[in-house]
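Data block below; observations after.
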Amino acid sequence: MSADCIFCKIINRELDADIVYEDDEVVAFKDVNPAAPVHILIVPRKHIPSLLDLEKDDEPLMGHLHTVANEVARKFKLDRKGYRVVINCGPDAGQIVFHLHLHLLGGRPLLQTIAKGRGV
Ligand code: 5GP
Ligand code: ZN
C-alpha cells in the first residue's frame with residue numbers, strides 16, 4: 001500500500017472503480033478513459049511502482065497477472081477475435097500511474113493503436 005497511489009485506493013475501496021475480477025493477489029477494473037471498447041486494467045494488490053521494480057519473488061505474480069488477463073478476456077468474449085496486453089514502463093512509454101498494471105484491450109482491430117500515439 002502506498003498512501004498517495006490511486007490504484008492502491010481502488011484496491012482498498014477508498015476510490016470507486018468498476019471492478020470486473022478480484023482474487024487474493026489481483027484486482028481488475030475498467031479503465032476510466034478507455035482506448036478500446038474493452039479496456040481493463042489488471043493490477044496486483046502489492047504496490048510495485050513499475051516493471052523496473054520487479055523482483056525475483058514477483059515472477060509467479062507476473063504469471064498470474066497474465067492468466068487473469070486471459071480469464072478476463074474470455075469473460076468479455078475477446079478470446080475468438082483476440083486482444084492486446086500492454087505494460088507501460090516509465091515516462092517515454094507514457095506510464096502515468098506508478099502502480100504496475102496490465103492494460104487488456106480489445107473489441108476492435110488494434111493495429112493502429114500504438115502508431116496513433118495513444119499511450120496504451
Ligand atoms: P499508464 O499510462 O500508467 O499505463 O495507464 C494508466 C491508466 O489508468 C490510463 O489508461 C488511465 O485512463 C487509467 N486511470 C487513471 N486514473 C484512473 C482512475 O482513477 N480510475 C480508473 N478506473 N482508471 C484510471
Ligand atoms: Zn499502489
Exercise for the section: Find the cysteines in the chain that fail to meet the 4.7 Å Cβ criterion with every other cysteine, and list them. Expected result: C89
Problem - Rounded to whole Hz, the Karplus (6.51, -1.76, 1.60) HN-Hα couplings of segment 28-42, x for glycine and proline - result: 10, 8, 6, 5, 5, 10, x, 9, 7, x, 10, 9, 10, 9, 10
Fill in the blank from the handout: Measuring from its Cα centre, segment 54-103 shows a charge dipole (+1 at each Lys and Arg Cβ, -1 at each Asp and Glu Cβ) which, in debye to the nearest 20, is 540 debye
Completion exercise
The percentage of the accessible area of segment 6-106 (probe 1.4 Å, all protein chains present) made up of carbon and sulfur atoms, to the nearest whole number, is 51 percent
Problem - 1.4 Å probe accessible area per residue over segment 6-106, in Å² - result: 56 Å²
Practice task
Across the chain, how many lysine pairs, 8 or more positions apart or on different chains, have C-alpha atoms separated by under 20 Å? Please give the number.
Solution key: 7
Fill in the blank from the handout: Under the rule rounded for a/c under 1.5, else prolate if a/b exceeds b/c, else oblate, using alpha carbon gyration tensor axes a ≥ b ≥ c, segment 6-106 is classed as rounded
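The values are calculated or read from the model by the stated rules, or taken from the named source; none is laboratory data. Since the model is a prediction, treat every value here as computed from it, not as a measurement. Positions of Cβ are backbone-derived with ideal geometry, glycine not excepted, and every protein chain shown enters the neighbour counts. The accessibility values were calculated without ligands, DNA or RNA, using every heavy atom of the protein model including side chains. Shrake-Rupley method; radii C 1.70, N 1.55, O 1.52, S 1.80 Å.
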